1. Work out the FRET efficiency for Cys225 and Met116 from their Cβ-Cβ distance, taking R0 = 41 Å, and round it to the nearest 0.05.
2. Assuming R0 = 25 Å, what is the FRET efficiency of Ile205 and Ile184, from their Cβ-Cβ distance, to the nearest 0.05?
3. Could you work out the percent of alpha carbon pairs in region 127-339 separated by over 29 Å, rounded to a whole number?
4. Roughly what would the spin-label model give for Phe299 and Leu315, points 7 Å off Cα along C-beta, in nm?
5. Please give the length that would be gained between Trp128 and Phe96 if that part of the chain were fully extended, namely 0.36 nm times their separation in residues minus their C-alpha to C-alpha distance (nm, one decimal).
6. Can you give the convex hull volume of the alpha carbon atoms of region 228-273 per residue, in Å³?
7. Please compute the modelled spin-label separation between Leu15 and Phe139, points set 7 Å along Cα→Cβ, answer in nm with one decimal.
Amino acid sequence: MNVLKRIVFVLLIMLGYVSTVAAQDDSLNRQDPASVELPVSTDTVPVPVKKPAPVIKKVKRDTLAPVPVADSAKVMVAKKDSVVAPIVLNDAYGDFVSAYITGHPWLATGSDTISMPSNRYTPPDKDWLFYSICGVLFFLGILKIGFPKYFQDVFILFWRSAFRQKQIRDQLQQAGMTTLLFNIFFACSTAIFLYLLVYYVKGNIAPPWLLLLICFVGIAVLYICKYFILKVAGWMFDQEEVANGYIFIVFLINKVMAILLIPFILVLAFSDPGVQQVAFTASILLVIFLLLYRFVLSFSSLRNELKISGLHLLLYVLGFEIIPVMVIYKGLLHLFERSS
């Protein structure tokens, strides 16, 4: 029994020794390679060391520096013939279509090129005319808003015969300042209309501002003279009431004419030539109609009071109103044609 115990004891000791040796070997295998001391070699053979590659710097070329150009005499190559061969249309369009294009009078690709020189088109400057018409319309708007009853009574008397509406006629005659403003509007509107008529018939015969100013001053002077002459004639022949009635009819028709001419002024100023021709004819017919209507009203008013015939009144209208206006127009036209 003691022998068996000894044998077991020896085996246990040997087993513990083996496990201790195995643990030491494992720890040696797991050591950090940096901590392991390598044997120093006595061999003096040098280890080759790689040198770093040299750094090449890229130099930017100056963009402003002149680039050398080869001699043009050395680069030039002799050309054969500078005459370009004509393009044959048969290759592109075929025989039938090419013959049609070549012989057609509108295309005529085979004929010589026709040069058509033309001058640069410069449209007329109408800014001043636009602002002038805007000013006239603004003036009319002020009259319409500021004096609505007077504006309405003018058209009422125009359609119902002014000389029959005694009360309304007296009210209009007493509104002196309003009547003066409407007469100034008549002069402005008619001046622009006459300028457009002259420009349409004769073209630009004078500076626009000068021609427009002459039309305005001419109309104003003409009717101021007519007003004073009729006043003097009525006072001389003791027919002041008749003269005042005739003056009222004349200026009443003038106020209505100034308002009705506004659409024709716009068309004559800014429309195409075809539309301008229609507006020109229609405006002339309107003016003739208003003058004839004024003649009829005047004759109806003066016939019973002055005991005159229609021939007398016709002679007066022709000699005192129409002929002086035509003479002034002819004289101004002749003056401008000579100066140009």
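Read-outs throughout are calculated quantities, based only on the coordinates presented, and are distinct from any laboratory measurement. Small disclaimer: the values here were computed from a predicted structure and weren't measured. Cβ sites come from the backbone with ideal geometry, for glycine too, and all protein chains shown count toward neighbours.
1. Computed FRET efficiency for Cys225 and Met116: 0.15.
2. For Ile205 and Ile184, the calculated efficiency is 0.40.
3. Details: 6379 of 22578 pairs.
Percentage above 29 Å: 28.
4. Between Phe299 and Leu315, the label points sit 1.5 nm apart.
5. Computed gain between Trp128 and Phe96 is 5.6 nm.
6. 74
7. Between Phe139 and Leu15, the simple spin-label model gives 13.8 nm.
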